[in-house]
Amino acid sequence: MNSELVEQISSLGANGLPYVVPIHPNLVHLTLGLFIVAIAFDIVGLLYPFEQVVFKYLSIPATRSNFYDVGWYNMLAAAVVTFFTVAFGFYEIMLAQVDPEVTSAWGLNAMQTMLWHGVGGVLLLLLIVSMAIWRGFQRFSWRKDMGRQVQWSYIFAGLLIFGIMFAHGTLGAHLGGEFGVHVTADQLLRAGENPNAAL
């Protein structure tokens, strides 16, 4: 039983992974979505006094604290999910088979792209966890009795992180799109197989 399990886990599929669908890209999009929603709702909370008339006109029963709740819980979830995103990213990058002759649109080869993407992932993990801690201090200590629960500097830091995420995500897109890392059809073509017949 144990040897069968080890054999099943160690056997790589057509995409170069022991499972059918790469997990890292899916977790990346979950992390991005949670982080973007967190910052977006905190921005709406900051601008609530200007938008209150619109909400009232549309009969939307929203309060400022509702937006801040969504911002806080999404930021907390982003911090937790990012640990798994980075862990699966490193696991899947260790199993990557790449063509050393190919270069990306940025002039990097596959190993350089994987290295920068890995370093960027750890940096983003640290930044997102730091943002969650900063957000927690604002919510539960520094600004708990204030109507405006978040600082503008927090929002600007979040927008700066969006830019880092864009550059980091472009490196990830290069890994899949230009180097074919864990892309099933690309891996089959490199092995000389017909993806239409194999899939």
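Where a number appears in this text, it was derived from the coordinates with a stated rule and is not lab data. All values derive from a computational prediction rather than experimental measurement. All Cβ positions, glycine included, derive from the backbone under ideal geometry; neighbour counts span all protein chains shown.
For the pair ARG143 and THR170, the difference between a 0.36 nm per residue extended length and the Cα-Cα distance amounts to 6.1 nm. How about the stretch 124-178: which trypsin sites (Lys or Arg not before Pro) there lie in a loop by DSSP and see at most 16 other Cβ atoms within 10 Å? The qualifying sites are ARG143, LYS144, ARG148.
For the stretch 83-177, the set of chymotrypsin sites (Phe, Trp or Tyr not before Pro) satisfying both a DSSP loop assignment and a count of at most 14 other C-beta atoms within 10 Å is given as TRP106. Quick one: if the Förster radius is 22 Å, what FRET efficiency do VAL129 and MET94 give, using the C-beta to C-beta distance and rounding to 0.05? The pair VAL129/MET94 has a calculated efficiency of 0.45.
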